[in-house]
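Engineer: Take a look at this one; I'll ask things after.
The values are calculated or read from the model by the stated rules, or taken from the named source; none is laboratory data. Given the structure is predicted, the values throughout are model-derived calculations rather than measurements. Neighbour counts run over all protein chains shown; Cβ positions are idealised from the backbone, glycine included.
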């Protein structure tokens, strides 16, 4: 099948002239056999590459550079294409618990929202307090507090539900100091696992206690 349609037809016995030779070259066009109409096609007498002719196999890796991709061509629609999945974006995690988070990965907005929603809006954990249960402050310190009856002339021990790694300080508040002795209640000892309250008075007292540690 001819690739070029000649611009001048010669018949037997025709004289070859300069004009006819010029017409042969100047008026020549590509024939339909020059293209496959799959990867290439004719357009205005020229051969052009069809969209189907640009395949991944024909693109050299080094040919696709940042400079070749203009900012205007990187659109939301292109990024949202079904072929662009979280599995292929290895630096973006979709983890509602943030267990797989690291210093070099990003997280989806859905995961961030889910993680925050599952935490207390005040930055405390847990959101519901139970006696002798730990409350973790935003700065990392842990607070435990509760109420106990301090037995008269004795040492009352408050054992923490979970031990501290390191204790910082404790505070006692007497609920009813009718005896008038503000020094009646003392901290006998403080450790990572328990608080001992010493009642030096001859009556029981309701004591509110609070311990802060790490």
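Engineer: From the list 48, 4, which one is modelled with pLDDT of 85 or more and touching a strand residue (DSSP E or B) at 6+ places or on another chain (Cβ under 8 Å)?
Structural biologist: That would be 48, the only listed residue that is modelled with pLDDT of 85 or more and touching a strand residue (DSSP E or B) at 6+ places or on another chain (Cβ under 8 Å).
Engineer: Continuing with the same structure: Could you list all residues from the stretch 1-31 that are touching a residue at least 24 places away in the same chain (Cβ under 8 Å) and surrounded by 10 or more Cβ atoms within 10 Å (Cβ to Cβ)?
Structural biologist: 2, 3, 4, 5, 28, 29, 30, 31, listed by residue number.
Engineer: Moving on. Given 33, 13, which one is within 26 Å of residue 59 (Cα to Cα) and not in a strand (DSSP E or B)?
Structural biologist: 33
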